[in-house]
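A.B. asks: One structure, as C-alpha cells, below. Some questions next.
The values are calculated or read from the model by the stated rules, or taken from the named source; none is laboratory data. None of the values given here were measured: they were computed from a predicted structure. Note: ideal-geometry Cβ built from the backbone for every residue, glycine included; neighbour counts use all protein chains shown.
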Amino acid sequence: MIKEKSAFMLNGFIFLLLDILLLAASVYFFVGMNILLGVITVILFCIIASGIKIVAPNQSLVLTFFGKYIGCINKSGIRFNVPFSVGKKVSLRVKNFNCEKLKVNDVNGNPIEIAAVVVFKVTEPAKAVFDVDDYESFVQIQSETALRHVAAKYPYDNFVDTGLSLRGHTVEIAEELSRELQERLSVAGVEIMETRLTHLAYATEIANAMLQRQQADAILAARQKIVEGAVSMAQMAIEQLEANHTLELDDERKMAMINNLLVAIVSDRSAQPVINTGTLY
C-alpha cells in the first residue's frame with residue numbers, strides 16, 4: 001500500500017524565469033550561427049521545462065519518476081520538481097455521489113426502494129491513484145454495496161420501540177452508513193463527510209398491502225398503549241379510594257368499577273354518563 005508523502009519542490013517562478021532566459025539565449029545563438037551553444041541552451045530549456053509543474057487550488061499532483069512514486073505536491077502555484085517526472089492531477093474538492101434507487105429486502109424480507117447521497121473528498125491522493133483503478137467508480141460501487149448491506153439489517157418500520165428502523169431512525173442509519181463507507185473507502189484515500197437517505201419506500205408491487213399492514217400494526221400498537229394506560233388508571237383509582245378510606249368496596253364491586261373504567265377509556269366512542277339514583281346493592 002502506498003504511503004502519502006510530500007514531493008521535493010522549489011519555487012517555480014525562478015526556474016520559469018531561467019527557462020525564459022534560456023529560450024531567449026537559444027534564439028540569440030541560432031541567429032548568430034552558434035549552433036553548438038544554441039543546441040545546448042535548447043536542451044537545458046527542455047530539461048528545466050519538464051520539471052516545472054502548475055498546481056491549481058484544491059488540487060494535488062501525484063508524481064512519478066520513470067515509474068517510481070516520488071511524492072505529491074499539494075501546494076497551489078508554480079513549482080519545480082525533478083525534471084522528466086510525470087504528474088497526475090487529483091481533485092481535492094468536495095464531491096457528491098447520488099445513489100440511484102436500489103431495490104433491496106429489509107430484515108423482514110419486505111422489498112423496499114432506497115437511495116442515498118454521499119458527500120466525499122480525497123484526502124490521500126497517492127492511494128486514490130495507485131491503490132484503486134478509478135477511485136470515483138470505486139466510490140460508486142462501494143456506496144451502493146454498503147447501502148444494500150445496511151438496508152438489509154433493519155426493518156422498514158418498527159412500531160415496537162425495541163430497535164432501529166429505516167423509516168423511524170434515518171439519522172442513526174445514515175451515521176452507520178457513513179461508518180461502513182469510511183471503512184470500505186479508506187483504501188482509496190477517500191474521506192466520507194456526510195451521507196443522507198434521499199428516498200425510502202416500499203416497492204410498488206407490495207405498497208398497498210404493506211400500507212394496510214402498516215396501518216393495522218399502528219392500530220394494534222396504539223390499542224396496546226391505551227389498554228396499559230387504562231389498567232394503570234383503574235388500579236390507581238381503587239388504591240386511592242382504599243388509602244383515603246372514603247369508600248370500601250368488595251371484590252365484586254371492584255370488578256364492576258374496573259370494568260366500567262376500562263370500557264369508558266378503551267372505547268372508540270366517548271362514554272355517556274349515567275346517574276345512579278338508587279343504591280349500589
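A.B. asks: Read through the list (1) over 17 Å from His149 (Cα atoms); (2) at pLDDT 90 or above, then give the number of the only condition that Ile173 fails.
C.D. replies: Condition not satisfied by Ile173: (1).
A.B. asks: Another one. Is there any pair with a first residue in segment 7-30 that is more than 29 Å from Lys75 (Cβ to Cβ) and a second that is surrounded by 13 or more Cβ atoms within 10 Å (Cβ to Cβ) and of a type outside the set (Ser, Thr, Tyr) whose Cβ atoms are under 6 Å apart and which are 6 or more apart or on different chains, and what are they?
C.D. replies: Partner pairs satisfying both residue conditions: Ser26/Gly38; Ser26/Val42; Phe29/Leu37; Phe29/Gly38; Phe30/Gly38.
A.B. asks: Just for segment 247-264: of the residues that are loosely packed, with under 11 Cβ neighbours inside 10 Å and out of contact with any helix residue (DSSP H, G or I) (no Cβ under 8 Å at 6 or more places or on another chain), which one is modelled with the lowest pLDDT?
C.D. replies: Asp250
A.B. asks: Pull out all pairs, ordered by first then second residue, where Cβ-Cβ is under 7 Å, the residues are six or more apart or on different chains, the first lies in segment 39-62 and is in contact (Cβ under 8 Å) with a residue 12 or more places away in the chain, and the second is basic (Lys, Arg).
C.D. replies: Lys53/Arg79; Val55/Lys75; Val55/Arg79; Asn58/Arg93; Gln59/Lys89; Leu61/Lys53; Leu61/Lys89; Val62/Lys88
A.B. asks: Just checking, does segment 137-145 include any residue being farther than 30 Å from Lys5 by Cα, at pLDDT below 95, over 17 Å from the mean Cα position of the chain (by Cα) and not aliphatic (A, V, I, L, M)?
C.D. replies: Scanning segment 137-145 turns up no residue that is farther than 30 Å from Lys5 by Cα, at pLDDT below 95, over 17 Å from the mean Cα position of the chain (by Cα) and not aliphatic (A, V, I, L, M).
A.B. asks: With the requirement that a residue be out of contact with any helix residue (DSSP H, G or I) (no Cβ under 7 Å at 6 or more places or on another chain) and either more than 16 Å from Gly189 (Cβ to Cβ) or of a type in the set (Val, Ile, Thr) (or both), what does segment 113-139 give you?
C.D. replies: Restricting attention to segment 113-139, the residues satisfying the condition of being out of contact with any helix residue (DSSP H, G or I) (no Cβ under 7 Å at 6 or more places or on another chain) are 113, 115, 117, 119, 121, 123-126, 129-130, 133-134, 136-137.
Of everything in segment 113-139, those that are out of contact with any helix residue (DSSP H, G or I) (no Cβ under 7 Å at 6 or more places or on another chain) and either more than 16 Å from Gly189 (Cβ to Cβ) or of a type in the set (Val, Ile, Thr) (or both) turn out to be Glu113, Ala115, Val117, Val119, Thr123, Val129.
A.B. asks: Given the structure, is Ala24 at pLDDT 90 or above and either in contact with an Asp or Glu (Cβ under 8 Å, 6 or more places away or on another chain) or more than 30 Å from Val129 (Cα to Cα) (or both)? Reasoning before the result, please.
C.D. replies: Working: at pLDDT 90 or above: yes; either in contact with an Asp or Glu (Cβ under 8 Å, 6 or more places away or on another chain) or more than 30 Å from Val129 (Cα to Cα) (or both): yes.
Against the criterion (at pLDDT 90 or above and either in contact with an Asp or Glu (Cβ under 8 Å, 6 or more places away or on another chain) or more than 30 Å from Val129 (Cα to Cα) (or both)), Ala24 qualifies.
A.B. asks: Being small (Gly, Ala, Ser) and modelled with pLDDT under 90, is that true of even one residue in segment 87-109? Steps first, please.
C.D. replies: Taking segment 87-109 and keeping what is small (Gly, Ala, Ser), we get 87, 91, 109.
Of the ones still in play, those that are also modelled with pLDDT under 90 are 109.
Yes, because at least one residue in segment 87-109 is small (Gly, Ala, Ser) and modelled with pLDDT under 90.
A.B. asks: Specify which of the listed residues (Lys75, Lys103) is among the basic types (Lys, Arg) and under 30 Å from Ala152 (Cβ atoms).
C.D. replies: Of the residues listed, the single one that is among the basic types (Lys, Arg) and under 30 Å from Ala152 (Cβ atoms) is Lys103.
A.B. asks: Another question, if that's okay. Considering each of Gly71, Gly109 in turn, give the residue that is over 26 Å from the mean Cα position of the chain (by Cα), of a type outside the set (S, T, N, Q) and on the phi > 0 side of the Ramachandran plot.
C.D. replies: Working: Gly109 fails: over 26 Å from the mean Cα position of the chain (by Cα).
Going through Gly71, Gly109 in turn, just one is over 26 Å from the mean Cα position of the chain (by Cα), of a type outside the set (S, T, N, Q) and on the phi > 0 side of the Ramachandran plot: Gly71.
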